[in-house]
1. Determine which member of the set PHE70, PHE3, PHE25 is at pLDDT 95 or above, in contact with a strand residue (DSSP E or B) (Cβ under 6 Å, 6 or more places away or on another chain), open to solvent by 40 Å² or more (accessible area, probe 1.4 Å) and not β-branched (Val, Ile, Thr).
2. Before we move on, is ARG10 touching a residue at least 12 places away in the same chain (Cβ under 8 Å) and over 15 Å from GLY72 (Cα atoms)?
3. Can you name the residue in the stretch 88-109 that is hydroxyl-bearing (Ser, Thr, Tyr) and either assigned to a helix (DSSP H, G or I) or open to solvent by 30 Å² or more (accessible area, probe 1.4 Å) (or both) and is also modelled with the lowest pLDDT among such residues?
4. Restricting the stretch 110-121 to residues that are open to solvent by 40 Å² or more (accessible area, probe 1.4 Å) and among the hydrophobic types (A, V, I, L, M, F, W, C), which is nearest to ALA64 (Cα to Cα)?
5. Among (1) of a type outside the set (A, V, I, L, M); (2) buried (at least 16 other Cβ atoms within 10 Å of the Cβ); (3) at pLDDT 95 or above, there is one condition ARG124 misses while meeting the rest; what is its number?
Amino acid sequence: AYFSRSGNTRVVAGVIQRARNADLFEIAPATAYPQDYLATVAQARQERDAGFEPALASRVSKLAAYDTLFLGFPIWGETAPPVIRSFLSAHDLSGKTLVPFITHGGYGPGSSRAVLARHAPNARLREAFVIEMDQERRTMESVMKWLGAAAAP
């Protein structure tokens, strides 16, 4: 199961799915996050600070059939995105092995392990695979800097 905004986490999920011949489930909020990166950042910050858990578009229907769940997500605001808390709250992972895979833009996994432990207290939480990926913010800042230099006389 994975949540991905820009596609980086989706790529990692696809590699895991092919390597393990596993099922793949995309976690999505019932109401999509804005396409605009800065609007998404602002909304995610508000949701994080309020402890809000957005409604899910769908749930894993036959979770009981799985012993192990690979759970992928990007780091937002130094923690797991609010929709990951929603996913964990909506699915009982008691007795299951939870293997996180985390993408980030340079800040590391933040407090995501504590979020997973708190929202899936009866799961066997494994060490996360953590990888730095390209980040929209960094790309956007580089382009804006370039545009500023290009506009100078």
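The values are calculated or read from the model by the stated rules, or taken from the named source; none is laboratory data. The model shown is predicted, which means the values in this text are computed figures rather than measured ones. Ideal geometry is used to build each Cβ from the backbone, glycine not excepted, and the neighbour counts take in all protein chains shown. Accessible surface areas use protein heavy atoms only, side chains included; no ligands, DNA or RNA. Shrake-Rupley method; radii C 1.70, N 1.55, O 1.52, S 1.80 Å.
1. Among PHE70, PHE3, PHE25, only PHE70 is at pLDDT 95 or above, in contact with a strand residue (DSSP E or B) (Cβ under 6 Å, 6 or more places away or on another chain), open to solvent by 40 Å² or more (accessible area, probe 1.4 Å) and not β-branched (Val, Ile, Thr).
2. Spelling it out, it is not the case that ARG10 is touching a residue at least 12 places away in the same chain (Cβ under 8 Å) and over 15 Å from GLY72 (Cα atoms).
3. TYR107
4. Filtering first and then ranking leaves ALA117.
5. The single condition ARG124 does not satisfy is (2).
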